[in-house]
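Reading through the structure tokens given below for one structure.
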Amino acid sequence: MKLALSILTFCLFFTVSVNAQEVWQSRTWQKLVHYSASNPASEIKNANFFLSPQGQNSPEAEFLASVELLTSSDSAFDERVCRYPARALYLRSLGYDVVDVPSLCDNFKQWQGDLTKQQVSIVYADGYLGNPASFYGHLLFKLKSEVLSRDLLSNSLNFGAKVPDNENPVAYILKGLVGGYDAKYSSNHYYRYNINYAEVEMRDLWQYTLNLTSDEKTILIAHAWELLFTEYRYYFTHRNCAYYIAKMLELVLEQDLISNRRPFVLPISVFSALEQATTISGHPAVQKVEHTLSRQARFRQHFAELNVTMQEKLSDIVNNANTLEEIQTYLVALPLKQQLMLLDVLLDYVNFSLELNKDDKTLQSLKRNVQRARIVLPAKKVQWSTHTEVLPHTGQDPTTVRTTLGHNNDHGGFAEVMFRPAYYDMLARGGGILANSALSMAALTLRVTDGNLALSKLDLLNIETVDTGATGLPGDIGIAWQLRLGNERDYLGPADVSNEFFLESGFGKGIALGDTTLYALALGRVQTPDSLDTRFMLLPTLGVLWQTDAYKGLCKLVFPIRIDSHAYQKKIKSTCEVSAFAFKSSDIRLGISHHNNTELSLSGSWYF
């Protein structure tokens, strides 16, 4: 009787499990073919990814076509089978007798490698200001080898737009915003990406290893293979590497990482969601986080650990030593540990400099001599200090809504609402952002005064960075610079209030004094004429940025100089803003500004 009941229970379970009308609506199947409840069509663009002619618009039709292919007695002779290993795994989990894809498909078997010695990780390359598409960072999908010596040879997936060679930068930005490019995944050994991001572009890499069971890992890797045969429409703001890699990961997660209705999707948002997510098996999604310093950051960090005398010796070697013997004269009086440290930092510096000047014969000669000096010393490894790291997902979320109440001594009380889709300003807290910098796009501020609504400011693009980590050695000077473009009203100036389109840009220098940064910028501004017909200005600027555990503040002095036909120096403009009670999703700000008029303001910010 017990045996009969067991058989009956199994049969009932199997019948329900393989009922197509249930399965094609399941979360797993929807994720395998990239549907969502709010989207009537798959986000995968190319029709040849689908087995059914209706598959792009019908998950049911695609499910039935997959069952037919993968359970057919002739499937071993159909080359299409090799493109769907994840579908085969899912159907087998439901009880279907499907073909064993790895045994038939050598390319897939070789690509996935030894699953018993691999983990899956997502790699975050932090922001890179040399490419508009990389301002906000980049994501990679990596098959992480547990054998350390083979980790750089691990297969990795990169997602990007298919951009023609020598594309005009303006066309590149515009097409990226309006969906003018197709996009796809590509696979390569991880060392290629490591070289490009960490060594050439000098970007730190953060590796989030996922906490997956063997079954979850197997189907996710198989699905990554399937996605190599897909194409998508690329949008810079919301259908980018962050969005599509998040959608791939959702196959093995209980929750969606990113809503498909979100108008702005940034890589850092994926890590914030991933840190809170759980896998299908109920485990926290992230097992551990590892940090790889860029070549530049590694060199600067090690240089900072040298004492003043050693830093001076290193500078003398770089500037004056041309032979091995001359290098050794600087080393001979030092203890062995300091000799090793000095040579390690020298090699870091030379390798960093050669990335910027590959054909520099002097640097090439210095590298050879440093290597020769190191070889004759004992093979001991320098134990550098460990540093407290601020993880990327701990930073404030990238989209901002800020409400402000304030008073202007000329215009009276006012209220403002600011919406910034991305990304952060100089007072932002946490990891995942460049230190002493601001990076925002399409930040809109509206002001209400005496019941009248007006555009206060529209920063189409605002980039500001103050590099204080430079060593001062040749090629590592470090500068401050700013680029700001938009439209704004000057409620503080002498002119009647009106909106002007403007472009500001310039360069300068900053220094760090503990937790305080001082900097100076030589800015120029061109604008549409205001009521005083002002069109061109110089804006020499002094700034101080400071931070404590409780507060972060920024004060500026600007010395406006009109340089058109009515050239004269205007009154000094001063601004101060302090952030307090800062959390991942909120902060409070107090500000004061003075030019011809004075304003006080109190703001509340919400980050999401």
What whole-number value in Å² describes the accessible area per residue of the chain for a 1.4 Å probe?
47
Values of log10 I(q)/I(0), in the order q = 0.10 Å⁻¹, for region 318-476 under a Debye, Cα-only, solvent-free model
-0.63
I need the helices of the chain that pass two filters: whole DSSP H segments spanning 30 Å or more by Cα along the axis, and mean Kyte-Doolittle score no lower than 1.6.
none
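Where Rh is the Kirkwood radius over the Cα pairs of region 119-235, the temperature 25 °C and the viscosity 0.890 mPa s, what D in µm²/s does Stokes-Einstein return?
159
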Binned at 20 Å from zero, the C-alpha pair distances of the chain give percents of 16, 42, 31, 10, 1, 0
Length-normalised contact order of region 404-445, Cα under 8 Å, at least 6 apart, in percent, tallies to 39
Taking a 1.4 Å probe, which of Thr230, Thr449 shows the most accessible area, and what order do the others take after it?
Thr449, Thr230
Dipole magnitude of the chain, debye to nearest 20 (Cβ charges: Lys/Arg +1, Asp/Glu -1, about Cα centre):
620
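Could you rank Val370, Val178, Val401 by how accessible they are, 1.4 Å probe, largest area first?
These residues rank, largest area first, as Val178, Val401, Val370.
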The chain - mean residue ellipticity at 222 nm from DSSP helices (-39,500 (n - 2.57) per run, n ≥ 4, rounded to 500):
-8500 deg cm²/dmol
PRE reach from Val448 (point 7 Å along Cα→Cβ): which of region 411-426 fall under 20 Å by backbone N?
411-420
Please enumerate, by chain and number, the lysines with C-alpha under 26 Å from the C-alpha of Lys313, excluding those fewer than 8 residues away in the same chain.
Lys337, Lys358, Lys361, Lys367, Lys380, Lys381, Lys509
Just grab the label-to-label distance for Thr278 and Asp359, each label 7 Å out from Cα along the Cβ direction, in nm (one decimal).
6.0
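Write down, largest first, the equivalent ellipsoid semi-axes of region 247-349 in whole Å, where each equals the square root of 5 times an eigenvalue of the alpha-carbon gyration tensor.
50, 15, 10
Grab the Cα-Cα distance for Lys381 and His291, subtract it from 0.36 nm times how many residues apart they are, and report the gain in nm with one decimal.
This chain segment gains 30.4 nm when fully extended.
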If you look at just the Cα atoms of region 18-138, how large are its Rg and its Dmax in Å?
17.4, 55
Ratio Rg/Rh [Cα only; Rh per Kirkwood] for region 232-284
0.98
Quote the FRET efficiency, to the nearest 0.05, computed for Leu455 versus Asp515 with a Förster distance R0 of 45 Å and r equal to the Cβ-Cβ distance.
0.80
Which three numbers, in whole Å and largest first, are the semi-axes of the equivalent ellipsoid of region 416-510 derived from its Cα gyration tensor as √(5λ)?
31, 16, 10
Cα-based equivalent ellipsoid, region 185-308: semi-axes from gyration tensor eigenvalues, Å:
29, 18, 16
Charge dipole of the chain about the Cα centre (unit charges at C-beta), most positive-ward option of Val289, Ser315, Ser72
Ser315
Can you give the percent of C-alpha pairs in region 534-608 whose distance is more than 18 Å?
53
Take peptides 167-174, 237-244 and line them up by average Cβ neighbours within 10 Å, highest first, as a rough protection proxy.
237-244, 167-174
When the C-alpha atoms of region 73-180 are aligned to their principal axes, what extent does each axis show, in angstrom, from largest down?
54, 36, 25
Dividing the Cα convex hull volume of region 440-587 by residue count, how many Å³ per residue is that?
147
With +1 on the Cβ of every Lys and Arg and -1 on the Cβ of every Asp and Glu, and nothing else charged, how large is the dipole of region 498-576 about its Cα centre, in debye rounded to the nearest 20?
180
By per-residue mean of other Cβ atoms within 10 Å, what is the highest-first order of 592-605, 480-493?
480-493, 592-605
Calculate the FRET efficiency for Asp564 and Leu602 from the Cβ-Cβ distance with a Förster distance of 35 Å, rounded to the nearest 0.05.
0.40
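How much length, in nm to one decimal, is gained on full extension between Thr388 and Tyr551, taken as 0.36 nm per residue of separation minus their Cα-Cα distance?
56.7 nm
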Over the Cα atoms of region 463-540, how large are the radius of gyration and the largest Cα-Cα distance (Dmax), in Å?
15.9, 49
Between Phe77 and Gln255, what FRET efficiency follows from the Cβ-Cβ distance if R0 is 35 Å, with the result rounded to 0.05?
0.30
Once both labels are modelled 7 Å past Cα along the beta-carbon direction, what's the Arg372-Phe502 spacing in nm?
5.8
Work out how far the C-alpha atoms of region 353-395 reach from end to end along every principal axis, then list the three figures in whole Å, largest first.
43, 31, 9
On alpha carbon coordinates alone, what is the Rg over Rh value for region 381-438, Rh being the Kirkwood radius?
1.25
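The values are calculated or read from the model by the stated rules, or taken from the named source; none is laboratory data. What you are looking at is a predicted structure, and each value in this text was computed from that prediction instead of being measured. Here Cβ is always computed from backbone atoms with ideal geometry, including for glycine, and neighbour counts include all displayed protein chains. Surface areas here come from the heavy atoms of the whole protein model, side chains and all, with no ligands, DNA or RNA. Shrake-Rupley method; radii C 1.70, N 1.55, O 1.52, S 1.80 Å.
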